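Note sheet for the following structure.
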Amino acid sequence: MSQTAFDLFLVFALGFLGSFGHCVGMCGPLTVAFALSRSTPTPQTSRAVNRWGFHLLLNLGRTASYAIVGAVLGGVGSVAIASGQLAGIGSGLRQWMTIVTGLLLVGFGLRQIAPDLLPQLPVLHPLQGRLHDRLNKIMMGLSTQTQWWTPTLLGGFWGLIPCGFLYTAQLKAAETGSPISGGMTMLAFGLGTMPTMLGVGISASRLSADRRSQLFRLGGWVTLTIGILTLWRTDAMVDYTGHGALFLLMLALAARPISRFWGTPLKYRRAVGVGAFVLSVAHIAHTIDHTLNWNPQAIAFMVPQHRWGLWAGMTALALMTPAALTSFDRAQQALGKRWRQIHLLTVPALLFAAVHTISIGSNYLGSLVASGEVQIRVAIVSILTLAILLGRWQVKS
């Protein structure tokens, strides 16, 4: 199976298994509302055919809308990446898009596997606002019309409703950097969701709650796997995942000191910390694969600065691991006061992560040339780390 075919299969699987949980819960009531608002004064057999025809056209319109948006996003991604390459930032843009997509998928997967593990992030759930309300009003008006093509148009508007689950597929489409690949990505995602949405009022509703829960959790594991593969199956990701992990770890530890004027990071600190851990794991995996070539003995041939920097990074990850594995309510209740002590290990983890970044980061001192630009970057990392530690000390005192 080619790389592109495998990617499309993963996106299809994401849409299919994710639809049993997210789409049924979020869009299922909307589908039923569309069907109930449509008058069908026909014999029983004709009514069944009409109902299936209505939902088929409805979902075909929705899937077509996905594909069109995916093609547009792929084109926009192509222009952005091409323009960025002229400015020297094209590959960086693509890599950061990959990281955001992977983190969103990991977040969705964890939420499906363990709903109480992470707080509900606004970006992962349907948005409420003027656009959402306006689209709802248009769709409910269209659902009462009787023209045969109305369901297709209705589905087209449905495909434009903001949705966190949809954002992950859209980011994958933009990441392709091609209108054709972007359209195919969203088409595969839409086709994956179609079986569930077609049968939401008939077969899906007949599934037991236990069976739907099993499919929902299975979809979570698939989504989590796709997120990990998204972070893993890219080139030159060592620096990007490392810097992303450092930034999220800084944000998680600075959440309380800055809560006096910006409370959002504190509200979602647990999710931010888990994101830092996920990127740290991806970072060390890329290091083992691309830098060491799965040969631990290569560490002995590194210069001392790089060797100590590598061990500092591994120590930082080891200190973050207990906090990441206990970042859920049940663990907090079971561990009591020890829970806070475990999570305070992330403070020395920041110190080790900063040492690792300064000593081995290829954009810092990796070249062993202490140029003016390198010194500025080292100073920024050092100042931010010191400011966060001082801020936490003042809050504690």
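Could you tell me whether any residue of the stretch 180-201 is at pLDDT below 75, open to solvent by 20 Å² or more (accessible area, probe 1.4 Å) and not basic (Lys, Arg)? Looking for residues that are at pLDDT below 75, open to solvent by 20 Å² or more (accessible area, probe 1.4 Å) and not basic (Lys, Arg), one finds at least one in the stretch 180-201, hence yes. Residue pairs whose Cβ atoms lie under 6 Å apart, sitting 6 or more positions apart in sequence or on different chains, and linking a residue in the stretch 261-286 that is more than 14 Å from residue 317 (Cβ to Cβ) and without any contact (Cβ under 8 Å) to a residue 40 or more places away in the chain to a partner that is assigned to a helix (DSSP H, G or I) and open to solvent by 20 Å² or more (accessible area, probe 1.4 Å), are 265/251; 266/259; 272/248; 272/251. Scanning the stretch 279-298 for residues that are open to solvent by less than 40 Å² (accessible area, probe 1.4 Å), closer than 11 Å to residue 232 by Cβ and under 16 Å from the mean Cα position of the chain (by Cα) yields a count of 1. Residues that are in contact with a Leu (Cβ under 8 Å, 6 or more places away or on another chain) and assigned to a helix (DSSP H, G or I) were ranked within the stretch 333-350; the one that is nearest to residue 390 (Cα to Cα) is 347.
Scanning the stretch 251-268 for residues that are open to solvent by 20 Å² or more (accessible area, probe 1.4 Å) and either touching a Leu at 6+ places or on another chain (Cβ under 8 Å) or β-branched (Val, Ile, Thr) (or both) returns 256, 258, 259, 264, 268. Just one residue in the set 305, 333 is open to solvent by 30 Å² or more (accessible area, probe 1.4 Å), in contact (Cβ under 8 Å) with a residue 60 or more places away in the chain and polar (S, T, N, Q); that residue is 305. Each residue in the stretch 274-300 was checked for being in a loop (DSSP other than H, G, I, E, B) and in contact with a helix residue (DSSP H, G or I) (Cβ under 7 Å, 6 or more places away or on another chain), and 2 pass. Consider the stretch 163-172 and keep the residues that are within 14 Å of residue 73 (Cβ to Cβ) and either of a type in the set (Ser, Thr, Tyr) or at pLDDT below 70 (or both). The one that is most open to solvent (accessible area, probe 1.4 Å) is 167.
The values are calculated or read from the model by the stated rules, or taken from the named source; none is laboratory data. All values derive from a computational prediction rather than experimental measurement. Because the Cβ atoms are built from the backbone with ideal geometry, glycine has one as well, and the counts that use them run over all protein chains shown. For accessibility, only protein heavy atoms count, side chains too; no ligands or nucleic acids. Shrake-Rupley method; radii C 1.70, N 1.55, O 1.52, S 1.80 Å.
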